[in-house]
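To start, the structure under review is shown below, and the notes come after it.
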Amino acid sequence: MRRLIPTGDPARPVTPAEAEQPVPAPGEALVKVEAFSLNRGETFLLEDPRPGLLPGKDVAGLVVQPAADGSGPAVGTRVVGHPPSGGWAEYVAVPTHSLAGLPGSITSVQAAALPLAGLTALRLLRAAGAIAGRRVLLTGASGGVGHYFVELAAAAGAEITAVTASAGRGARLAELGAVHVVRDVAGADGPFDLVLESTGGPVLAAALAALARRGTLIWFGQAGRVPVTLDFFDFFKGPESAVIRHFHYTDSGTPYGRDLATLVRLVAAGRLHPEIGAVNDWSATAGALVDLRERRVRGKTVLTLATGGSR
């Protein structure tokens, strides 16, 4: 089979290679990949790839070999999956607890855009707790996680202020339920009960200053790749006794399958809308990674294999 492997070259981060078809472990199903999506964090890993790195965590396709232990979907089931690695390939072995079936109404392209960003948004919403009527500030809102979170949180009754430098992306966030859209944190009208921060650098300090007393700031990324410096005494200027919580979507320790099924159900019901900015054949993956790294794409980038992405 063919798979994409890292090159270490920023101008062409991956290249096709021949590989042995994966041999699934007893609790894994073999999936014929029809579409996969890219995540910006993966572009960072490819800058200096570790030996043996096989990228790819968001896939949709067809089960061609069920798990030997009897768990998971049967042969012929269309699925969305979140394997630990290796998804940028014609076949990937996926733990059955990281798979969810797909109805005919959801295409492989839509499904491939769900896993990492959708799981992060859904679990971030849980970490935020009861948010109906609460004022929420979301930085880095125009990424995949931001789009999903805004739609989910707005449906739960939050008053969301979304921060994005792009007017076009801001308009879409407003359509999804953001009450206010601002270009930077300085333009946000605080204080906020909850701040969700994913940019890092000086943005986190500015977002903290917009937090209400005893509020909570959930730190779930550092897309700007600039370290954060905080001054203890800044807490006395407003967010006194505030809580700063680190968040990563894996920290619950729970399997992904049930949450993937929830995302699928919401999409099928028209209550969640994958934001897909580009769809190409997987032969264009190297260029798509560069475009993603340079922020040239709004929404998720999905690559398709053969004709599978149209299913």
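Any idea how many residues of region 208-229 are hydrophobic (A, V, I, L, M, F, W, C), closer than 27 Å to Leu45 by Cα and in contact with a Leu (Cβ under 9 Å, 6 or more places away or on another chain)?
Our first condition is that a residue be hydrophobic (A, V, I, L, M, F, W, C); within region 208-229, this holds for 208-212, 217-220, 223, 226, 228.
Those still in the list that are closer than 27 Å to Leu45 by Cα too: 217-220, 223, 226, 228.
Restricting the remaining residues to those that are in contact with a Leu (Cβ under 9 Å, 6 or more places away or on another chain) gives 217-220, 228.
Adding up the residues that qualify gives 5.
Note down all Cβ pairs under 8 Å where the first residue falls in region 22-49 and is under 22 Å from Ala306 (Cβ atoms), the second is in a strand (DSSP E or B) and at pLDDT below 95, and they're at least six residues apart or on different chains.
Once the first residue is under 22 Å from Ala306 (Cβ atoms) and sits in region 22-49, its partners that are in a strand (DSSP E or B) and at pLDDT below 95 give Ser37/Lys300; Leu38/Lys300.
Condition check: surrounded by fewer than 17 Cβ atoms within 10 Å (Cβ to Cβ) and within 27 Å of Leu116 (Cβ to Cβ). Does Gly168 satisfy that? I'd like the intermediate steps shown before the answer.
On the way: surrounded by fewer than 17 Cβ atoms within 10 Å (Cβ to Cβ): yes; within 27 Å of Leu116 (Cβ to Cβ): yes.
Against the criterion (surrounded by fewer than 17 Cβ atoms within 10 Å (Cβ to Cβ) and within 27 Å of Leu116 (Cβ to Cβ)), Gly168 qualifies.
Can you tell me which residues in region 46-62 are small (Gly, Ala, Ser) and in contact with an Asp or Glu (Cβ under 9 Å, 6 or more places away or on another chain)? If you could, list the steps in order and put the result at the bottom.
We begin by selecting, within region 46-62, every residue small (Gly, Ala, Ser); these are 52, 56, 60-61.
Selection gives Gly56, Ala60, Gly61.
Regarding region 219-227, can at least one residue be identified that is within 21 Å of His147 (Cα to Cα), assigned by TED's automatic domain parsing to the domain that holds Phe44 and within 17 Å of the chain's Cα centre (by Cα)?
No, every residue in region 219-227 fails to be within 21 Å of His147 (Cα to Cα), assigned by TED's automatic domain parsing to the domain that holds Phe44 and within 17 Å of the chain's Cα centre (by Cα).
Please enumerate the residues belonging to region 8-29 that are assigned to a strand (DSSP E or B) and in contact with a helix residue (DSSP H, G or I) (Cβ under 8 Å, 6 or more places away or on another chain). Give the steps one after another, and end with the answer.
To start, the set of residues in region 8-29 that are assigned to a strand (DSSP E or B) comprises 8-9, 12-18, 28-29.
Matches in region 8-29: Arg12, Pro13, Val14, Thr15, Pro16, Glu28, Ala29.
Give the number of residues within region 259-286 that are among the charged types (D, E, K, R), touching a residue at least 60 places away in the same chain (Cβ under 8 Å) and not in a loop (DSSP other than H, G, I, E, B). Outline the logic, then answer.
Initially, region 259-286 is screened for residues among the charged types (D, E, K, R), giving 259, 265, 271, 275, 281.
Going one step further and asking which of them are touching a residue at least 60 places away in the same chain (Cβ under 8 Å), we end up with 259, 271, 275.
Filter again for not in a loop (DSSP other than H, G, I, E, B), leaving 259.
The total comes to 1.
Can you pull out every residue in region 15-60 that is under 25 Å from Arg293 (Cβ atoms), among the small types (Gly, Ala, Ser) and either in contact with a Phe, Trp or Tyr (Cβ under 8 Å, 6 or more places away or on another chain) or surrounded by 21 or more Cβ atoms within 10 Å (Cβ to Cβ) (or both)? Don't jump to the end; show me each part of the working.
The initial filter retains those residues of region 15-60 that are under 25 Å from Arg293 (Cβ atoms), namely 15-17, 19, 33-60.
Right, trim to among the small types (Gly, Ala, Ser) and you get 17, 19, 35, 37, 41, 52, 56, 60.
Answer for region 15-60, where residues must be under 25 Å from Arg293 (Cβ atoms), among the small types (Gly, Ala, Ser) and either in contact with a Phe, Trp or Tyr (Cβ under 8 Å, 6 or more places away or on another chain) or surrounded by 21 or more Cβ atoms within 10 Å (Cβ to Cβ) (or both): Ala35, Ser37, Gly56, Ala60.
Which residue, of Thr96, Thr120, is among the hydroxyl-bearing types (Ser, Thr, Tyr), surrounded by 17 or more Cβ atoms within 10 Å (Cβ to Cβ), out of contact with any strand residue (DSSP E or B) (no Cβ under 9 Å at 6 or more places or on another chain) and under 26 Å from Leu53 (Cβ atoms)?
Values: Thr96 fails: out of contact with any strand residue (DSSP E or B) (no Cβ under 9 Å at 6 or more places or on another chain).
That would be Thr120, the only listed residue that is among the hydroxyl-bearing types (Ser, Thr, Tyr), surrounded by 17 or more Cβ atoms within 10 Å (Cβ to Cβ), out of contact with any strand residue (DSSP E or B) (no Cβ under 9 Å at 6 or more places or on another chain) and under 26 Å from Leu53 (Cβ atoms).
Out of Gly287, Gly270, Gly299, Gly215, report the one residue that is at pLDDT below 95 and of a type outside the set (A, V, I, L, M, F, W, C).
Gly299
I need the full set of residues from region 123-140 which are at negative phi, outside any helix (DSSP H, G or I) and touching a residue at least 40 places away in the same chain (Cβ under 8 Å), in order please. Let's see the steps before the verdict.
Of the residues in region 123-140, the ones at negative phi are 123-128, 130-132, 134-139.
When the remaining residues are screened for being outside any helix (DSSP H, G or I), the result is 130-132, 134-139.
Ile131, Arg134, Arg135, Val136, Leu137, Leu138, Thr139, listed by residue number.
Looking at this structure, is Val243 touching a strand residue (DSSP E or B) at 6+ places or on another chain (Cβ under 9 Å), of a type in the set (A, V, I, L, M) and more than 30 Å from Pro6 (Cα to Cα)?
yes
Enumerate the pairs (first residue in region 287-299 and in a helix (DSSP H, G or I); second residue anywhere and of a type in the set (Lys, Arg)) with beta-carbon separation below 6 Å, excluding pairs fewer than 6 apart on the same chain, so at least 6 apart or on different chains.
From region 287-299, the pairs are Leu292/Arg40.
Name, by its number, the condition in (1) farther than 21 Å from Gln21 by Cβ; (2) free of Cβ contacts under 8 Å to residues at least 60 places away in the same chain that does not hold for His97.
Going through the list (1) farther than 21 Å from Gln21 by Cβ; (2) free of Cβ contacts under 8 Å to residues at least 60 places away in the same chain, His97 breaks only (2).
Which of the numbered conditions does Val195 fail, given that it passes all the others? Conditions: (1) crowded, with 17+ Cβ neighbours inside 10 Å; (2) more than 26 Å from Gly299 (Cα to Cα).
(2)
The values are calculated or read from the model by the stated rules, or taken from the named source; none is laboratory data. From a predicted model like this one, the values you see are computed outputs, not experimental measurements. Don't worry about glycine lacking a Cβ; one is built from the backbone with ideal geometry, like all the others, and counts go over all protein chains shown.
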